[in-house]
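Below: the structure, in structure tokens.
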Amino acid sequence: MDLRPLLGIISFLQQEEDDEEEDILAILSIIKFVTKNGNTPYRMSLLLKWIMKKSQIRLIREQRRTERIVLPGYAEMVFRYRDIQFAEDYRMGREKFQELLQIIGPALCETFINDGEPVKNKLLLGIWALSTRESFREVANRFELRNRSSAHNMFVKVCSLISDNSQFFIQWPQEENYAQLAAQNSFPDALGFIDGSFIPLIKPKHSGESYFNRKKFYSVTLQAVCTGDQRIIDVSVGYPSLNNNNN
């Protein structure tokens, strides 16, 4: 069998950076098609029609990308916000942001070497993505990144580093501070407030029904305890949401 047409198709499919998984599936489908039907002129003409359709779709995507609305200089503008505006948008004060930057900034620098993006902008992107419901494409546009995968990679790394250093931020109080915390609350001898939230996910392959919650969707449960001044002192996350708050 002449493999040159197949190799040409694979080369064509690999031109687009954002669709790696889709391309792999397409390549596997082509291999299966050629193996089953042979490399005849008629069969290859059907394949060529499919390629042309794929090309048209990619051209439309490229045209849309050239029309993307990018916010030039957004990250630098944020650092000129007033303190109250910064806290409203990023759910934390400027001082806490700088403290977090000092803790995880060096690790962020080691992860993204020579990409030209200031480390403070990477952290800003991660905090923004956590604080809003914007898609990664919108986040990439906001922070002037080339594609959504770059925004997603930065977001995942920021979350991972925050989790790895959570002991600096989430600490159960010492016994000598119990009285001070209880004085903040109207309920006698209460150290704080506890509640849970469902984090949506796709149904797991194993024991999926264990993650089906009372609100009729699949999730894991996050439980948090915070003090009267809104400081989180304990977090538990990952249990199947079939378990209720009593557990």
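The values are calculated or read from the model by the stated rules, or taken from the named source; none is laboratory data. Since this is a predicted model, take the numbers as computed values, not measurements. So basically every Cβ, Gly included, is an ideal-geometry build from the backbone, and we count neighbours across all protein chains shown.
Descriptive notes on the structure:
- Members of the stretch 170-203 that are touching a Leu at 6+ places or on another chain (Cβ under 9 Å) and small (G, A, S): A182, A190, G192, G196, S197
- Candidates Q167, Q174, Q184, Q180, filtered to the one that is without any contact (Cβ under 8 Å) to a residue 60 or more places away in the chain, closer than 17 Å to Q102 by Cα and surrounded by fewer than 17 Cβ atoms within 10 Å (Cβ to Cβ): Q167
- Of all residues in the stretch 97-156, exactly one satisfies the criterion of being at pLDDT 90 or above, acidic (D, E) and not in a helix (DSSP H, G or I), namely E134.
- Contact map, the stretch 71-100: residues that are farther than 15 Å from G126 by Cβ paired with residues that are part of a loop (DSSP other than H, G, I, E, B), Cβ distance under 6 Å, separation 6+ or inter-chain. Pairs shown: A87/G93.
- In the stretch 118-138, the residues that are free of Cβ contacts under 8 Å to residues at least 24 places away in the same chain, of a type in the set (F, W, Y) and out of contact with any helix residue (DSSP H, G or I) (no Cβ under 6 Å at 6 or more places or on another chain): none
- Residues that are over 20 Å from E95 (Cβ atoms) and either aromatic (F, W, Y) or touching a Pro at 6+ places or on another chain (Cβ under 7 Å) (or both), drawn from the stretch 112-140: F112, F136
- When K157 is tested against the conditions (1) closer than 22 Å to A87 by Cβ; (2) in contact with a helix residue (DSSP H, G or I) (Cβ under 7 Å, 6 or more places away or on another chain); (3) surrounded by 13 or more Cβ atoms within 10 Å (Cβ to Cβ), the lone failure is (1).
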